[in-house]
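For reference, the structure is listed below as structure tokens.
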Amino acid sequence: MKTIATWLVHIVRATRVGWSLPAAMEAGPKGQLFADLMQAQIAEKLSADRLVSYETVRDTVREAVSVLHREGTDATGEVFAKAQRLAAPLADTDPELDALSQSWIEQAMAFYDVRLGDLKSAEARLERAMADDTRLEQDFGYDLMHIGRIHTLHLWARVQAAKGDVSTALQTTDAVLIYLHGGGEDLPFGTGWSSNLAKQIRPDLASAMTCRICSEIGAIVQSMSQAEARQYLLVMPGLKQVAALGIYDEITAWRSAKLAWCEGQVYDFFESLVPALMAGRGQTCLWYTMVLDAVSVAKGLREQSGLLFAQDVAQRAEEDTADPIVLPGVIRAALRNCDAVSLSVPLIVNWPKRRFHLMCMGLPRSGTTSLFTLFRPMRAANEYAEKATIDALTGQIPGSDLATFLARRDRESALEMDAASFLHLAAPELVTQCPDAGFVLPIRPPAEWFESYLKMLLRWHDGFQAKGRTPPDWMKAYGQLLFGHFDWAEIATEDARERFMPKVAERFLGHWADATSRTLEVLPPQRRLVLHTHDLGRRRGDLAQLAGITEEHITTESHANISPPGPDILQGISRSELAQMAQEICGPAYLAASVEADAHQATV
């Protein structure tokens, strides 16, 4: 089971991979597919001289929009005025050219009005553009204008969102999705809609518009709180239908990840998000919105890590040469400024709920892996967040006390069986922090335990050495915490073991005795189950009783991590000497634990 920190690493990596891939956005979502087809149809229908007149107006409008993007509103008005002067004579002389020209002018100037903040004027212009588009479709035979009118409707929905009427905007966009995919007779803006006409829309144009509309939906809900976004997403049947089609991977992945984000289900969010980010930018702007959601989760869970991730995103967004036309300005700005913006609303996280809560209090090599295996069908983990927890136990996490770390670890994992071999070191804190938890203490004969533990350490050491590396520092710090003194050099070779084995065995067995005695003192008798390691499989009923579940929920697998055969590693001490030492050092603790384990009943 991945830790939150591990998931955040995966998200950062997936974002970088996805951003490094070529942007897949092609003609469709930019609207260029429709534009190219429409211009070809116009060229077919108009004579050469009329086509020149139309193209003169069209190109002047295009120039105005280009100036608006480059230089802002102040420099744009005169270019639009020029386009209007060129189109004015057509009103009385050529109704078809007039409709073609005015559609261009009104839609472009609606965008201009939005930039000026005059939304009422923008809305009126789109109403006039829709009337012109309808004339072109119904009176002049421009059948492609049916999808063109949906483009105009999309702009109208965008104006509704700008006005603050997001409900109308989302209802409209969802209605478009239903209409495009065979389920609608009418649309909220304009006239002349019908299911028969919808069926005649070219599939590639319908697909392009689907991507465009879903981009708009993603941009609108991006600024919403989790609760508000969830409220809208759950009542949008068109979006649900499109996501379920299985042909729009990015839309399907986005809706799944967004709903998990809305509901605060961070693990489900990560599961949906990582492969979607790895896939790279598709035919919508939804990949970018998922990055923004990832930043919000990262900041909400790990403030410092989230800030570093946000800085990385902001830099990449600033340098992004593939910044698509379809990307709304609000999303573009959010990406480039996400490192400077704090969460406006605290992230709500609904951690998974437990059916029961058990923790392993055993030492390493005492059956922690077997306990995990027995509870594998449940929400179980073996050595969850091992390095981070050991860092906390050894005081290696600056600015964080152990109790705070343990509470966060428990909350984030929500494990039902927490099978870790280091939790016994925090038994007092865990007994207090987790009043409903049950504790399992598997006991292994001390001499047998020592030999198994030593073999495991040597396998680790040899594995690192085979890769040309040394064991990490946290392992040595952990060994010093357990045994007071730990040095790989004392056990790494036969010669070293021949020399240091008695002292090593004394320290290990001393830890066994102290840890077992301390754990027995701390764990409440009514909340614990002490059992022999070799009895784990036979005590399935008692384990189930402690958990409050039926035995059928537990697997029949046990002893899942038996030491593999290998050479004798007990140089410097005989087994009889080791057994005598174990009896002297561990005898009282082993007897106390065995008496309870041999009772063959759960004390719950």
From the list Thr493, Thr516, pick out the single residue that is farther than 18 Å from Leu358 by Cβ, among the polar types (S, T, N, Q) and touching a helix residue (DSSP H, G or I) at 6+ places or on another chain (Cβ under 6 Å). Thr516
Being of a type in the set (Lys, Arg) and closer than 18 Å to Leu347 by Cβ: is that true of Arg255 here? no
Which residue pairs have Cβ atoms under 7 Å apart, sit 6 or more places apart or on different chains, and have a first residue in segment 139-163 that is not assigned by TED's automatic domain parsing to the domain that holds Gly117 and a second that is at pLDDT 95 or above and buried (at least 20 other Cβ atoms within 10 Å of the Cβ)? none
Return yes when Lys467 is of a type in the set (Lys, Arg) and within 15 Å of Gly572 (Cβ to Cβ) and no when it is not. no
From the option list Leu520, Leu529, single residue qualifying as part of a strand (DSSP E or B), within 42 Å of the chain's Cα centre (by Cα), under 20 Å from Pro364 (Cβ atoms) and in the same structural domain as Ser370 (by TED's automatic domain parsing) is Leu529
From the list Ser53, Ser47, pick out the single residue that is farther than 30 Å from Asp118 by Cβ and out of contact with any Pro (no Cβ under 7 Å at 6 or more places or on another chain). Ser47
Checked pairs for segment 93-114, first free of Cβ contacts under 8 Å to residues at least 40 places away in the same chain, second of a type in the set (S, T, N, Q) and surrounded by fewer than 20 Cβ atoms within 10 Å (Cβ to Cβ), C-beta under 7 Å and 6 or more apart or across chains, list as Asp113/Ser121
Scan of segment 237-252 for residues that are over 21 Å from the mean Cα position of the chain (by Cα), modelled with pLDDT of 95 or more and surrounded by fewer than 23 Cβ atoms within 10 Å (Cβ to Cβ), ordered by number: Pro237, Gln241
Which one of the conditions (1) in contact with a Gly (Cβ under 7 Å, 6 or more places away or on another chain); (2) closer than 25 Å to Asp473 by Cβ; (3) surrounded by fewer than 18 Cβ atoms within 10 Å (Cβ to Cβ); (4) not aromatic (Phe, Trp, Tyr) does Pro502 fail to meet, given that it meets all the rest? (2)
Of the listed residues (Arg336, Arg409, Arg365, Arg379), the one being under 30 Å from Leu33 (Cβ atoms) and buried (at least 17 other Cβ atoms within 10 Å of the Cβ) is Arg336
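For every residue, the table says whether it meets (1) at pLDDT 95 or above; (2) under 19 Å from Leu259 (Cα atoms); (3) of a type in the set (Asp, Glu).
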| residue | (1), (2), (3) |
| --- | --- |
| Asp165 | yes, no, yes |
| Gln171 | yes, yes, no |
| Ala175 | yes, no, no |
| Gly183 | no, no, no |
| Thr191 | yes, no, no |
| Lys199 | no, no, no |
| Leu205 | no, no, no |
| Ser215 | no, yes, no |
| Gln222 | no, yes, no |
For segment 267-288, the count of residues that are β-branched (Val, Ile, Thr) and at pLDDT 95 or above equals 1
Wholly within segment 182-293, which helices (runs of 4 or more DSSP H) include no fewer than the required count, namely at least 1 residues that are more than 18 Å from Thr152 (Cα to Cα), basic (Lys, Arg) and out of contact with any helix residue (DSSP H, G or I) (no Cβ under 9 Å at 6 or more places or on another chain)? 195-199
How many residues, within segment 1-20, are modelled with pLDDT under 90 and either in contact with a strand residue (DSSP E or B) (Cβ under 6 Å, 6 or more places away or on another chain) or under 12 Å from Gly280 (Cα atoms) (or both)? 1
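The values are calculated or read from the model by the stated rules, or taken from the named source; none is laboratory data. This is a predicted model, so every value here is computed, not measured. Here Cβ is always computed from backbone atoms with ideal geometry, including for glycine, and neighbour counts include all displayed protein chains.
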